[in-house]
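Inspection log for the structure reproduced underneath, given as structure tokens.
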Amino acid sequence: MLALGIETSCDETGVALFDSLRGAVAAEAVASQDDLHAPYAGVVPELASRRHLALLAPLTARVMGEAGVSPGDIGLVAVTRGPGLAGCLLAGVSFGKGLACALGVPLLGVNHLEGHIQACLAEGAIDYPAVALIVSGGHTLLARMPGRGRYEVIGQTRDDAVGEAYDKVASLLGLPYPGGPAIEARACRAPRAVRFPRPLIASGDLQFSLSGLKTAVMYRIKAGGGGRPPEEEIDAIARGFQEAVLDVLRSKTMAGARRAGARTVILAGGVARNEAIRRGLEHAAAGMGIRLVCPPKRYCTDNAVMIASLACAKWAAGERHGLDLDIDPGLRLC
Amino acid sequence: MPRSTRAVPALRRALDRPAIVQQGVFNMAPRRRRGRGAGEMRAKGRAGGEAVFRSSSPGETRAIGARLGALLGPGSVLALHGELGSGKTCFVQGLADGLGIARSAGVSSPTFVIINEYPARIPLFHFDLYRLPGGRELVELGWGDYLDRGGVIAIEWAERMGDLLPDGHLAVTLEVTGERTRLITISGKGADTLAEEMAGP
């Protein structure tokens, strides 16, 4: 079956065609912020739902053209129904409904967070139980997975998400947006690291807190006189910040894995693109005799391939939605 | 009723009573202290509609937020100002405590999603304009609807709203005065009376 996936939970507009028989992507497109920022000469988040709406039809036509399929070949329309921004979700779900209605094919709504985990499943069979760490600009959560498609959230952030902390620390350091790649590059070249606190690392539970770490960076900059620190100091702060983040993520994830008796650790979400975090978790998991699975870097950030592929799995498992499908901006993983 | 006249009803009710202008500095911490290791929390009322608090930890910032939250009525709008790391989200976590929202609801940073909603008797709508260039996008996200939903609206980076902020809103400014210490100024019509109420037993 050929599924058309639509992802509009936040900034990215994603459309993809996924062939469930071959288990392969037929074509995909993500309208990245970079493409769209150019005309505005600055960073304008793609928040407005009308921008999703303006992009969905041309992206869909492009994807179908690239895959060489006609509308009649599509057997399922898959949309992200939450969590995310209400207006943005509504744009995708409404477009999906219209398409499903016009094509006379079923519509299936899926959970964006589960989509991120789905992006890992193409990397081979997962041994359960597993624990999944989802880290992105908007989410930081740890879930126990007794089996495929079953989740129990065992930890999440009390304040800032990891990706958000990267962006804000980058902003404090005068580094460009998005902050993840900028900080990673600076950390890589730093010969020394500033020592920062590891919030909640000894809390005994699996909750995260990144806000205090951001504030510690702010104090460090102020102590140096405020303003943009010297380049070498920026590097050292970036490395120190990244080491603190990795330490906390590693400690909580491995504690979660130990408690869950996990055989696999799944790492997903936009921050999973970070090489230091991937390697750090991989190393720690290997030390426990556990395999770390994470998606290829291009599928860590928001995309529609994970949505189409997840919907195919859900469809095969018997899940059905009607055209009365509603968005759920606060949808949880469970 | 025009929006401007009902933005902070609790304050308006307070204003119907004879105003007590606080002189000097008084301790507001004694019995209902919520934060850990609470040092001093002081409120200083000024005739100009301003209440000033000193916080020496995130726990105290949260406790001051809780004191304020407990006094707010439906339709209240709070504009939060302060640099990165000054404690805006922490203050809003306190507001949620004061509104009776369970800690398990997990009030976290809304930077990425722009708006988080927390249902309660008086719901809390937590906005964050950090990623928005201006107020126009906020209108597209349904700002007008939120004003009509009878909740408390708290907005981080509210300076980006421009003239969208309703008359009668309260401004909360968090100033970093040292490691862990913050000067929290609540200003707007009725803030001096509010300082009195927040300091009460």
Verdict on residue A:78 being of a type in the set (Gly, Ala, Ser), part of a helix (DSSP H, G or I) and in contact with a strand residue (DSSP E or B) (Cβ under 7 Å, 6 or more places away or on another chain): no
The stretch A:176-194 - residue that is free of Cβ contacts under 8 Å to residues at least 60 places away in the same chain and within 14 Å of another protein chain (Cβ to nearest Cβ) and, of those, surrounded by the fewest Cβ atoms within 10 Å (Cβ to Cβ): A:178
Is one or more of the residues making up the stretch B:133-142 within 14 Å of chain A (Cβ to nearest Cβ), surrounded by fewer than 19 Cβ atoms within 10 Å (Cβ to Cβ), at positive phi and in contact with a Ser or Thr (Cβ under 9 Å, 6 or more places away or on another chain)? no
Matching entry among A:286, A:272, A:308, A:316 (being more than 20 Å from residue A:188 (Cβ to Cβ), among the small types (Gly, Ala, Ser) and crowded, with 19+ Cβ neighbours inside 10 Å): A:308
So which residues in the stretch B:50-77 are among the hydrophobic types (A, V, I, L, M, F, W, C) and over 26 Å from residue B:161 (Cα atoms)? B:63
Residues that are in contact (Cβ under 8 Å) with a residue 12 or more places away in the chain, in contact with a strand residue (DSSP E or B) (Cβ under 9 Å, 6 or more places away or on another chain) and β-branched (Val, Ile, Thr): does the stretch A:157-173 have at least one? yes
Any residue that is of a type in the set (Asp, Glu) and more than 21 Å from the chain's Cα centre (by Cα) - is there at least one of those in the stretch A:234-253? yes
Could you please give the count of residues in the stretch A:106-126 that are at pLDDT below 95 and either surrounded by fewer than 24 Cβ atoms within 10 Å (Cβ to Cβ) or more than 18 Å from the chain's Cα centre (by Cα) (or both)? 6
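Could you tell me which of the residues A:142, A:173, A:103, A:99 is more than 16 Å from residue A:328 (Cβ to Cβ), over 14 Å from the mean Cα position of the chain (by Cα), of a type outside the set (Lys, Arg) and within 14 Å of another protein chain (Cβ to nearest Cβ)?
Working: A:142 fails: over 14 Å from the mean Cα position of the chain (by Cα); A:103 fails: within 14 Å of another protein chain (Cβ to nearest Cβ); A:99 fails: within 14 Å of another protein chain (Cβ to nearest Cβ).
Testing whether each residue is more than 16 Å from residue A:328 (Cβ to Cβ), over 14 Å from the mean Cα position of the chain (by Cα), of a type outside the set (Lys, Arg) and within 14 Å of another protein chain (Cβ to nearest Cβ) leaves just A:173.
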From A:273, A:258, which residue is among the charged types (D, E, K, R), touching a Ser or Thr at 6+ places or on another chain (Cβ under 8 Å), on the phi < 0 side of the Ramachandran plot and modelled with pLDDT of 95 or more? A:273
Residue within the stretch A:219-234 that is farther than 18 Å from residue A:270 by Cα, touching a Phe, Trp or Tyr at 6+ places or on another chain (Cβ under 8 Å) and not charged (D, E, K, R) present: no
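Looking for whichever is buried (at least 20 other Cβ atoms within 10 Å of the Cβ), closer than 28 Å to residue B:62 by Cβ and charged (D, E, K, R) here; the options are A:167, A:205. Which one fits?
Unique residue meeting the criteria: A:167.
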Assess whether residue A:90 counts as being within 14 Å of another protein chain (Cβ to nearest Cβ), surrounded by fewer than 22 Cβ atoms within 10 Å (Cβ to Cβ) and more than 16 Å from the chain's Cα centre (by Cα). yes
Of all residues making up the stretch B:91-116, the number that are closer than 24 Å to residue A:139 by Cβ, outside any helix (DSSP H, G or I) and either at pLDDT 90 or above or more than 7 Å from chain A (Cβ to nearest Cβ) (or both): 8
Farther than 20 Å from residue A:127 by Cα and surrounded by 15 or more Cβ atoms within 10 Å (Cβ to Cβ): is that true of residue A:248 in this structure? yes
Check B:163, B:167 and return the single one that is assigned to a helix (DSSP H, G or I) and touching a residue at least 12 places away in the same chain (Cβ under 8 Å). B:163
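Here's a check for you: in the stretch B:117-132, which residue that is part of a loop (DSSP other than H, G, I, E, B) and either out of contact with any strand residue (DSSP E or B) (no Cβ under 7 Å at 6 or more places or on another chain) or within 10 Å of chain A (Cβ to nearest Cβ) (or both) is surrounded by the most Cβ atoms within 10 Å (Cβ to Cβ)?
B:131
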For residue A:301, work out the one condition from (1) part of a loop (DSSP other than H, G, I, E, B); (2) modelled with pLDDT of 95 or more it doesn't fulfil. (2)
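Condition first: surrounded by fewer than 19 Cβ atoms within 10 Å (Cβ to Cβ), within 13 Å of residue B:137 (Cα to Cα) and not charged (D, E, K, R). Now tell me which residues in the stretch B:153-169 satisfy that.
Looking only at the stretch B:153-169, we keep the residues that are surrounded by fewer than 19 Cβ atoms within 10 Å (Cβ to Cβ), and these are B:159-160, B:162-165, B:167.
Remaining after also requiring within 13 Å of residue B:137 (Cα to Cα): B:160, B:162, B:164.
Hits for the stretch B:153-169 are B:162, B:164.
The values are calculated or read from the model by the stated rules, or taken from the named source; none is laboratory data. Keep in mind the model is a prediction, meaning the values are calculated, not measured. For neighbour counting, all protein chains shown are included, and Cβ atoms are generated from backbone atoms with ideal geometry for every residue, glycine included.
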